[in-house]
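A.B. asks: Below you'll find the structure I mean.
The values are calculated or read from the model by the stated rules, or taken from the named source; none is laboratory data. Just so it is clear, the model here is predicted, and its values are computed rather than measured. Note: ideal-geometry Cβ built from the backbone for every residue, glycine included; neighbour counts use all protein chains shown. Note: accessible area is taken over every heavy atom of the protein model, side chains too, but ligands, DNA and RNA are not part of it. Shrake-Rupley method; radii C 1.70, N 1.55, O 1.52, S 1.80 Å.
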Amino acid sequence: VVCRDGCIKAVGQADVIRNQFSGATFERIIDCSGKCVLPGLVDAHTHPVWAGDRVHEFAMKLAGASYMEIHEAGGGIHFTVEHTRKATEEELFNTFKDRLERMRRAGSTLVECKSGYGLNLETELKMLRVIERAKQSMDIGISSTYCGAHSVPKGKTATEATDDIINNHLPKLKELKLSGEIHVNNIDVFCEKGVFDLDSTRRILQAGKDIGLQINFHGDELHPMKSAELGAELGAQAISHLEEVSDEGITAMARAKCAAVLLPTTAYMLRLKQPQARKMLEEGVIVALGSDFNPNAYCFSMPMVMHLACVNMKMSMNEALAAATINAAYALGKSDTHGSIETGKQGDLVIINSSRWEHLIYQFGGHEALIDYVVVKGKVIYQNERCGTMSSY
C-alpha cells in the first residue's frame, strides 16, 4: 500500500492488508496475481548528458585499440566534449529525457547522473542545469554528480585543471546551490594514470566535500592508483570501477563502509579484467552496480547489468539484486528512503510478469516483455501494454 505522499504505508500478506484497509478507498489497485513485485532498480553510475555518439569508435575497439589509445588520438571523452560544448541546452535536455525514459522502461527508478563532458565551467553548468530540469520535471529519482574532472582539458595540465576546478568551478556550484538554482549531490574525479593523479584527485575531492558534496568517484580502473585507499581515507560514499583495486584497498573500503560501484558493461566492452566482486563481498564491502551508460558503454538496462554481474563477476542472483537496489541506493546516500520495499520508504516498484523474480536476471535482454509496470512514488510511470497478452516465458 502506497500513500498519496508517495511513501509505502504497509507491506504484508494480502489477507492482512485487506483487513487492515477494508474501509479505505484507493485511486488504483493493481492485480499482481502470478507476478512479482520488486523494489525499483537503482542505477548507481551513468553519464547520460552528451551530444555526438561514438559508434565509429566501436569498430576501433573491436580491431584492438585500447581505451587510452583512442583517448590520446583525440577520440573518447574529448570527441564527446567537442560535440557537447556545441549543443544547446534544449538539444541536450531532449536527448537526456529520451535516455531517462528508456532507463525507466528497463525498471530504473533512481539514477545517478553525471556532468563531465564540458571540462569548462560554462558547459559543465549547462549539463548540470539539464540534469536539474529533469529532476524537477520527470517522474524518476536523480542523484546529480559534478564530474568536471572527467578528463584534463586540451591545452591545460592536470595541475592547471585542478586549480581551475577548485578556484572557479566549485565556488560557482556553491553559489548556485545557495541560490537554489542547481542542487548537486556528488563530486567525481577520474583518478587515472595520464588523467588526474592521486594528489590532484585528493585536492578536488576534499574541496568538493568542503562545500557539502558526497565523494563518489572513478578509481583503479585501468591502473592501480591506490584510489580505494584514498576514498576510504576521505570518507567517500562510493568508488566506481575498481578493476585494478589492491587487496589493501578492498580492506580499507570494507572498514570505511565505502561502497564499490561495479560496472560490468565497461569491463565487457573494453575487454578489461573483471572487478573482484567475490573478494569484495567476502571481505564485507558494500557492492553496488551501475550501467555506466555513456557513449563508450551504451547500455540502459540494469537487468542486463545484473545478468553480466552474475555471469562475468560470479555474483549470485540475490547478490546482484541487492547490488542493483538497496546497495546502489546506499552508494548514492539514499538507502534510508530508496532501494527496498519497507514501510516509510518511497513507493518505487517494478512489477514483472512472472511468478519468479529471477526471470529479470535470467532473461538476458528480455526485460521489454517481462516488466509489466514501473511505479515511482506510488504513481504508475510505465505500463507495458504487451504484458497482458503475452507470456514472459
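A.B. asks: Report the gain in length on full extension from GLU91 to LYS314: 0.36 nm times residue separation, minus Cα-Cα distance, nm rounded to one decimal.
C.D. replies: Working it through step by step, the gained length comes to 76.3 nm.
A.B. asks: When the chain is fully extended, how far beyond the present Cα-Cα distance does ARG102 get from VAL1, taking 0.36 nm per residue of separation?
C.D. replies: So the chain would gain 33.7 nm between ARG102 and VAL1.
A.B. asks: Mind checking the per residue accessible area of the range 39-332 for me, 1.4 Å probe, whole number of Å²?
C.D. replies: I get 36 Å² per residue for this part.
A.B. asks: When the distances between all Cα atoms of the range 267-393 are binned every 5 Å from zero, what whole-number percent does each bin get?
C.D. replies: 2, 10, 17, 21, 22, 15, 9, 3, 1, 0
A.B. asks: Also, quick follow-up: Pairing the Cα long axis of helix 121-137 with the longest principal axis of the chain, what angle in degrees results, from 0 to 90 and rounded to the nearest 10?
C.D. replies: Its long axis makes an angle of about 10 degrees.
A.B. asks: Tilt of helix 89-105 relative to the longest C-alpha principal axis of the chain, in degrees (0 to 90, nearest 10)?
C.D. replies: With rounding to tens, the tilt is 40 degrees.
A.B. asks: Return the whole-Å distance between the Cα centroid of the range 166-210 and the Cα centroid of the range 13-67.
C.D. replies: Answer, in whole Å: 29.
A.B. asks: Taking Cα atoms of the range 1-92, Rg/Rh with Kirkwood Rh, to two decimals?
C.D. replies: 1.31
A.B. asks: Tell me the carbon and sulfur percent of the accessible area for the range 39-332, rounded to whole percent, probe radius 1.4 Å.
C.D. replies: Whole-percent figure for carbon plus sulfur exposure: 51.
A.B. asks: Around ILE381, with a cut-off of 14 angstrom between Cβ atoms, what is the net charge of the other residues, counting Lys and Arg +1 and Asp and Glu -1?
C.D. replies: +3
A.B. asks: So, one more: Let's test the formula: R0 of 35 Å, r as the Cβ-Cβ distance of LYS379 and SER179. What FRET efficiency results, to the nearest 0.05?
C.D. replies: After rounding, the FRET efficiency stands at 0.70.
A.B. asks: Quick one, what does Rg over Rh come out to for the range 168-299 if you take C-alpha atoms and the Kirkwood Rh?
C.D. replies: 0.99
A.B. asks: A follow-up question, please. For GLY141, list long-range residues whose amide hydrogen, built 1.01 Å from N in the peptide plane, is under 5 Å from its own amide hydrogen.
C.D. replies: So GLY141 has HN proximity to LEU110, VAL111.
A.B. asks: Turning to a different aspect of this structure: Modelling each spin label as a point 7 Å along the Cα-to-Cβ direction, I'd like the ARG28/LEU270 distance in nm, to one decimal.
C.D. replies: Those two pseudo-labels are separated by 4.0 nm.
A.B. asks: Using the C-alpha gyration tensor of the range 60-143, what are the square roots of 5 times its eigenvalues, in whole angstrom, with the largest one first?
C.D. replies: 26, 18, 10
A.B. asks: Here's another thing I want to ask about it. Of all the C-alpha pairs in the range 39-332, what % are more than 27 Å from each other?
C.D. replies: Of all Cα-Cα pairs in the range 39-332, 34 percent lie more than 27 Å apart.
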